[in-house]
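One structure is given here, and the rest of the page talks about it.
The values are calculated or read from the model by the stated rules, or taken from the named source; none is laboratory data. Computed from a prediction, not measured in an experiment: that's the story for all the values here. Note that we place each Cβ from the backbone using ideal geometry, even for glycine, and neighbour counts take in every protein chain shown.
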Amino acid sequence: MRKAWIYGGGFGLLLLVSILICLSLGSARVPLADVWGVLLHRIPGIGPRLIPAPDAAYETIVADVRLPRVVLAMLVGASLAVAGAGFQAVLRNPLADPYTLGVASGASAGAAFAILSGMRIALGLWSVPGAAFITGLLTLLLVYTLAGRSGRKKVETLILAGVIVQAFFGAFVSLMISLSQGVVNEIVFWLMGSVALRGWEYSRVLLPLLAIVLIILIAYSRQLNLFALGERQAMHMGVNVNRTKLVVLGASTLLTAGAVSVAGTIGFVGLVVPHLVRLLAGPDNRLLVPVSALAGASYVLWADTLARLVLGAQEIPLGVVTALIGTPFFAYLLLKRRQSAEG
Amino acid sequence: MEKSVREEAGKNGSWKRRLGALGLALTLALSLAGCGGKSGAGTADEPSVSPAASNAASAAPAGSAAPASTAPSAAPAATDTAAPAATVYPLTVKDATGTDVVLNAEPKRIVTLAPSETETAFAVGAGERVMGVDQFSDYPKEAAQKAKIGDINTNVEAVLALKPDLVLAHNGLQPDVIKKLRELKVTVYAGDPKTLDQVIGHVEIIGKLLNEQVKAAQVADKMKADRDRIVAAVKDAPKKKVYLEFSPGWSVGKGEFLDELLTLAGGTNVAGDQKGWFEINAESIIKSNPQVILYGTDAMTGNTIYDAIMKRPGFSALAAVKSKDIHPVDSSLVTRTGPRLTDGLVEIAKAVHPDKVN
């Protein structure tokens, strides 16, 4: 497993460097020394003895605004990438991503409804993420029901059911948008995704979910490798195909719903990152899944850093950045691979 | 469904800008261009002269180089010393689209397409003649009883069914609806005031169109008195740094009514370096450390913006949060270009300088 060390270490290092850089950047220009002074000061126990208390405004900006945001961006990125890897492995479809089975549109419909109905007045700030999460999971159930009795689902039927449900909820979201009247259409912006203005509690929700699903997918990665041969072959090799499918899809959906409910729909990460990692590190899921988590975390972290930096005091929706940067990059990789294959 | 609309020209402009980003910009631009071109042609053959009190807007030479959108609203402010009189019809007034609107007789069947226009028509005493309003017109209470002609996407058929002899519209909100109605030979007057003074002028113009000049002058005088009272009260007070949030996670910079009202009320918008509505960046807000926060409330949002601000990471360090200087302002007061705009000004001034204004 030398490869594992190279890629795992490489992407791990990339993520670490990314954290260091992204924490240091922001629209409020905090001197580099102060950024790190704040962070060292915050280390429990030895921190306060190590570094004198930094400027209060800087402390707020770095420790209370930037840090939770950086962490949430990483968690969301890792979640989407891992879920994407799971979907691609089970569905054996290069176009599969965390949103293939309609989770995103289901969650969006829930969020749109929560925003429009004024549920927040009664139930508080968590009503939008809560509604998104619940409808996201309900969508999966709906897709499964449409696709047929459990145990006999064909991949094509599943994808088709996902497309149908997606179209339906997409229309529902459009309806909600057309009904809403506001200066700033909150639903539209929710759809474009963001990790801004969120405190630690969002990370606290997503982290355990990510950890559990990551463990499940890594545990199933050997079976998933055999899936690449086709379901029949995998069955001959002793894989419980239906259970693997159910568990991996269910876990990936859960994780997707979690990520979508805290950050909105952030496109492209779940599609591109696993492909990217596969191009570099090969198709072995034992490596692909964890490395995708690292790469997805770095990707969304950088995308979010750009989202908050480029326009100064204004923000760009995160989902816009991930797609704007990701698409050309992915196209370039595809071209390059084709050339090397042909030449 | 949802009850409230926070509408007004600039804001909606911003909203549409965002939509434009989603691919509708072209459509909009085309419809606007269509409007402009048409009105330019229309002014050539009709020398616009209003018989009664002189009106700078209508007397402006056709094809004048001045931007059409500001002319009608700005002009009447100059006529406020003239004694209001009964309007003499036929009357020709150039509106914000640059079109000469001709009224042959006093309008008896009025339809309003935006809450600001509804409020203005009622305020000048023409409420009984209003036959239909848009779905978001919730003030005054009687307006809610009127027939509905749809939301911002006006249902043109519903308007026609009411057989209006005058439609009051807001050019910033509905340029394509206005164009469509005119194609259908409906008389439309479209306002588009951009400043508080222009809003006051707009009230006077509507009063003139509806032959309610006396009442309109009273409303305008009250608005001016409120404005002058506030400006005088906060004149010597130190400017306070204020952060505005009237849509969750969004603030507003120069070129919007909120910014103008805040400035008049003796505050400095911490987002004053921005233009229009924009998604905030928490770091910039925290760095600017506002002393007062004003947030919008209406039937739909309730106190959600307040809750969001209090839970937002880092915001607890703001001077305004520490001193609990966080005040709700009724969104419909400060975003509708109608007669209650100065009430919004008073509300803002009370929040920013509670010691100076009561």
Quick check: is even one residue across the range A:99-111 of a type outside the set (F, W, Y) and within 14 Å of chain B (Cβ to nearest Cβ)? yes
So, in the range A:59-102, how many residues would count as being at pLDDT 90 or above, of a type in the set (S, T, Y) and in contact with a Phe, Trp or Tyr (Cβ under 8 Å, 6 or more places away or on another chain)? 0
Selected residue [crowded, with 17+ Cβ neighbours inside 10 Å, more than 23 Å from A:S105 (Cα to Cα), touching a residue at least 60 places away in the same chain (Cβ under 8 Å) and more than 14 Å from the chain's Cα centre (by Cα)] from A:L217, A:L226, A:L249: A:L217
Here's a check for you: in the range B:274-288, which residue that is facing chain A (nearest Cβ under 7 Å) and part of a loop (DSSP other than H, G, I, E, B) is surrounded by the most Cβ atoms within 10 Å (Cβ to Cβ)? B:N281
Could you tell me which of the residues B:L244, B:L261 is in a helix (DSSP H, G or I), closer than 22 Å to B:I305 by Cα and in contact with a Leu (Cβ under 6 Å, 6 or more places away or on another chain)? B:L261
B:A114 - would you say it is of a type outside the set (S, T, N, Q) and either at pLDDT below 90 or out of contact with any strand residue (DSSP E or B) (no Cβ under 7 Å at 6 or more places or on another chain) (or both)? no
Let me confirm something: among A:I61, A:I134, which residue is crowded, with 18+ Cβ neighbours inside 10 Å, out of contact with any Leu (no Cβ under 7 Å at 6 or more places or on another chain) and not basic (K, R)? A:I61
Here is a check on your reading of the model: is B:S251 in contact with a strand residue (DSSP E or B) (Cβ under 7 Å, 6 or more places away or on another chain), more than 8 Å from chain A (Cβ to nearest Cβ), closer than 30 Å to B:I200 by Cα and modelled with pLDDT of 90 or more? yes
Hey, A:G45 over 30 Å from A:L158 (Cβ atoms), in a loop (DSSP other than H, G, I, E, B) and among the small types (G, A, S) or not: yes
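Here's the yes/no breakdown for (1) under 22 Å from B:D100 (Cβ atoms); (2) surrounded by fewer than 23 Cβ atoms within 10 Å (Cβ to Cβ); (3) in contact with a helix residue (DSSP H, G or I) (Cβ under 7 Å, 6 or more places away or on another chain):
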residue	(1), (2), (3)
B:H170	yes, no, yes
B:L173	yes, no, yes
B:E183	yes, yes, no
B:K239	no, yes, no
B:V252	no, no, yes
All conditions in (1) among the acidic types (D, E); (2) part of a helix (DSSP H, G or I); (3) touching a Gly at 6+ places or on another chain (Cβ under 8 Å) are true of A:D34 except (3)
Check the range A:141-153 and report whether any residue there is more than 14 Å from chain B (Cβ to nearest Cβ) and either surrounded by 23 or more Cβ atoms within 10 Å (Cβ to Cβ) or touching a Cys at 6+ places or on another chain (Cβ under 7 Å) (or both). yes
Provide a single number: the residues in the range B:299-330 that are hydrophobic (A, V, I, L, M, F, W, C) and either assigned to a loop (DSSP other than H, G, I, E, B) or facing chain A (nearest Cβ under 9 Å) (or both). 6
List the helices (runs of 4 or more DSSP H) inside the range A:94-196, counting only whole elements, that have at least 3 residues being farther than 28 Å from A:W302 by Cβ and hydroxyl-bearing (S, T, Y). A:127-147, A:155-179
Just one of A:V320, A:V300 is surrounded by fewer than 22 Cβ atoms within 10 Å (Cβ to Cβ), modelled with pLDDT of 90 or more and in a helix (DSSP H, G or I); which is it? A:V320
I'd like to check which helices (runs of 4 or more DSSP H) are fully inside the range B:94-208 and have at least 1 residues that are closer than 22 Å to B:V219 by Cα, under 21 Å from the mean Cα position of the chain (by Cα) and in contact (Cβ under 8 Å) with a residue 12 or more places away in the chain. B:115-123, B:141-144
Would you mind stating whether A:L14 is in contact with a Leu (Cβ under 9 Å, 6 or more places away or on another chain), modelled with pLDDT under 90, assigned to a helix (DSSP H, G or I) and of a type outside the set (K, R)? no
Out of the range A:170-210, which residues are surrounded by fewer than 22 Cβ atoms within 10 Å (Cβ to Cβ) and of a type in the set (S, T, Y)? A:S174, A:S178, A:S180
Quick check: anything in the range B:254-272 at pLDDT below 90, at the interface with chain A (Cβ under 9 Å from one of its Cβ atoms) and either crowded, with 23+ Cβ neighbours inside 10 Å or touching a Phe, Trp or Tyr at 6+ places or on another chain (Cβ under 7 Å) (or both)? no
Go through the range B:139-155 residue by residue and tally those that are more than 12 Å from chain A (Cβ to nearest Cβ) and buried (at least 17 other Cβ atoms within 10 Å of the Cβ). 5
Exception for A:L279 within (1) in a helix (DSSP H, G or I); (2) within 14 Å of another protein chain (Cβ to nearest Cβ); (3) in contact (Cβ under 8 Å) with a residue 24 or more places away in the chain; (4) surrounded by fewer than 22 Cβ atoms within 10 Å (Cβ to Cβ) falls at (2)
Considering only the range A:25-33, I want to know if a residue exists there that is crowded, with 18+ Cβ neighbours inside 10 Å and not small (G, A, S). yes
Selection within the range A:1-11 - assigned to a helix (DSSP H, G or I) and either among the polar types (S, T, N, Q) or loosely packed, with under 15 Cβ neighbours inside 10 Å (or both): A:R2, A:K3, A:A4, A:W5, A:I6, A:G9
So for the range A:51-72 (the condition being away from chain B (no Cβ under 14 Å) and either assigned to a helix (DSSP H, G or I) or among the small types (G, A, S) (or both)), does at least one residue qualify? no
